[in-house]
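Trainee: Have a look at the structure that comes next, please.
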Amino acid sequence: MIKHLLLMTKQLPLFIPINAYCNEQNWFVHNTTSSDEALTILKTQTVAAVLWDTTSVDFNETLTAISHMREKVMIPIIMLAKERNPEQIQQLFHHHVDDYLVEPFDYPEIIAILKQRFWLYDQITDANTESTDTAHQTVEPSAPKQLTFNNLTIDLQHYRVLRDDQDLGLTPKEFKLLHYLIQHPNQVLSREQLLQGVWDYYILGNSRMVDIHISHLRDKIEPDPQNPIWLQTVRGFGYVLKN
């Protein structure tokens, strides 16, 4: 089945290579320059992923559009930026985007990231489908449906993390990262181990991706993200989640 992707950009030099690389995968790219048109495409087409150029429209308009998208679809949303902007990154991940990539873009890497996101979202969809199919069946006791970590509840059925019954709004990747760390408590894990364990393959030269996701995860689970008590850095090696 051909995958349809939505690309929001006004830059022809960006559209041409993305379209070319996606065509090699037999993916069809819908290009738009309007956030309203982007939302219309999402309503009328089955879109597998969104690539959003942050220079296309005003940033507040971008946040509004991303918020509306997340209300309607559970698909990968990848932001393409001209330069790194920490404040924008924080706001975008708060609105549950999956990735924030900065020029110069590595287009084969974008394809690899998309494939990984497709795989992850398929796992979530399959898990939810299996849960629905077996909801009315009598089954033997099985694996726990939730875990607890300090004052957090990890809902393994709905891929949520709660504190005092409040959803912390973790992205799928943040959820998988936290789950992986909880499965290896008090174990120092290198960035390479986390890339392999959470992303399921090595992304050469992109261990910074781990640092970014760790930072966003701390923002959501730590009482004081600047002085983490649970998710700690082991300088020169990686990270450890302490009980």
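Trainee: Of all residues in segment 1-34 being part of a helix (DSSP H, G or I) and within 21 Å of the chain's Cα centre (by Cα), which is modelled with the lowest pLDDT? Even if it seems obvious, please write down each step before you answer.
Mentor: Here is the first cut: in segment 1-34, the ones part of a helix (DSSP H, G or I) are 12-24.
From what's left, within 21 Å of the chain's Cα centre (by Cα): 18, 22.
Numbers: 18: 93, 22: 90.
Here the answer is 22.
Trainee: Shifting gears a bit: Scanning for something over 22 Å from residue 173 (Cβ atoms), open to solvent by less than 80 Å² (accessible area, probe 1.4 Å), in the same structural domain as residue 105 (by the TED database) and touching a helix residue (DSSP H, G or I) at 6+ places or on another chain (Cβ under 6 Å), does segment 3-11 turn up at least one residue?
Mentor: The answer is yes; a qualifying residue exists.
Trainee: Let me ask something else about it. Looking only at segment 22-37, count every residue that is within 20 Å of residue 113 (Cβ to Cβ) and surrounded by 12 or more Cβ atoms within 10 Å (Cβ to Cβ) and tell me the total.
Mentor: Residues of segment 22-37 that are within 20 Å of residue 113 (Cβ to Cβ), as a first pass: 22-31.
When the remaining residues are screened for being surrounded by 12 or more Cβ atoms within 10 Å (Cβ to Cβ), the result is 22, 25, 27-31.
The number of residues fulfilling the criteria is 7.
Trainee: A further question follows. Can you confirm whether residue 65 is farther than 22 Å from residue 174 by Cβ and open to solvent by less than 50 Å² (accessible area, probe 1.4 Å)?
Mentor: The answer is no for residue 65.
Trainee: Could you tell me how many of the residues in segment 38-52 are open to solvent by less than 20 Å² (accessible area, probe 1.4 Å) and of a type in the set (Gly, Ala, Ser)?
Mentor: 2
Trainee: Can you name the condition, by its number, that residue 19 falls short on among (1) within 16 Å of residue 114 (Cα to Cα); (2) open to solvent by less than 30 Å² (accessible area, probe 1.4 Å)?
Mentor: (2)
Trainee: Still on this structure, I have one more. Within the bounds of segment 60-78, is there any residue that is assigned to a strand (DSSP E or B), under 19 Å from the mean Cα position of the chain (by Cα) and not acidic (Asp, Glu)?
Mentor: yes
The values are calculated or read from the model by the stated rules, or taken from the named source; none is laboratory data. Since we're looking at a predicted model, the values are computed, not measured. Here Cβ is always computed from backbone atoms with ideal geometry, including for glycine, and neighbour counts include all displayed protein chains. Ligands, DNA and RNA are excluded from the accessible area calculation, which covers all protein heavy atoms including side chains. Shrake-Rupley method; radii C 1.70, N 1.55, O 1.52, S 1.80 Å.
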